[in-house]
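Here's the structure we're looking at; comments come further down.
Nothing in this text is a laboratory measurement; each read-out follows from the coordinates by a stated rule. Computed from a predicted structure; not experimentally measured. A quick note on method: Cβ atoms are made from the backbone with ideal geometry, for glycine too, and the neighbour counts reach across all protein chains shown.
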Amino acid sequence: MTPLSRSVLAAIVIPVVVVVDQWSKYLVLNEPRFNALGCLDGTQACGGIEISEMFDLTMLWNRGMSFGALQSDGLMRWVLVIATLAISVGFAVWLAQATRRLTAFALTLVIGGAIGNVIDRVRFGAVVDFFNFSGIWPPYFFNYVFNVADAAITVGAVLLFLDQFILSRRGHSTPHTASGR
């Protein structure tokens, strides 16, 4: 993959992920049934919209990381912002050196998702989550409320895993010789 094609891919995918993520969060923040800003400080209940037994739209402020892990406030909010930005820079360096299209695409998804969530954390001190699939799994097992950025990060991470640990192995395997090795 050429540097130009990596740059074009990054210039398209990253902004699309950020814009779609922020647009969807804008819709949630401006829907009165979610009471998003009213529940930000925890003194009022967050709202939701019931869709089905398996999926709802549920406003949730995530002050932590994936699946609600490492909940933090105050100074730790900024530690998460800095850590996320540092990881994004590391992934951008990796992207600049990526030779396979799948690697580059996966990295752009992760970077775009990370930027979308950093915007929320800087603006509000928490990330806007609203896609609720808790009806599929027991709700006590994980927090399955997420957003577009989280979905991009997850898909990107899965693609990176497939690319780095499964697909790349096929290209590096040694062919069998006539001697049976």
Inset, instruction - Using the Karplus curve 6.51 cos²θ - 1.76 cosθ + 1.60 with θ = phi - 60°, work out ³J(HN,Hα) for each residue of the stretch 95-103 in order, rounded to whole Hz, and write x for Gly and Pro. - result: 4, 4, 10, 5, 9, 9, 4, 5, 4
Legend entry - Pairwise label distance in nanometres, LEU167 with ARG101, each label 7 Å out on the Cα-Cβ vector: 0.9
Legend entry - 5 angstrom amide H check on LEU60, placed H, neighbours 5+ away: ASP129
Inset, instruction - Using the number of other C-beta atoms within 10 angstrom as an exposure proxy, rank SER24, SER52 with the fewest first. - result: SER52, SER24
Legend entry - Integer Hz, Karplus 6.51/-1.76/1.60 couplings in order for the stretch 144-155, x for Gly and Pro: 9, 9, 8, 9, 4, 4, 4, 5, 5, 4, 5, 4
Legend entry - Relative contact order, percent, the stretch 7-59 [alpha-carbon distance under 8 Å, six or more residues apart]: 22
Legend entry - Additional length obtainable on full extension of the chain from MET76 to ILE136, 0.36 nm per residue less Cα span: 18.4 nm
Legend entry - the stretch 75-102-the stretch 23-39 distance, computed between alpha-carbon centres (Å): 28
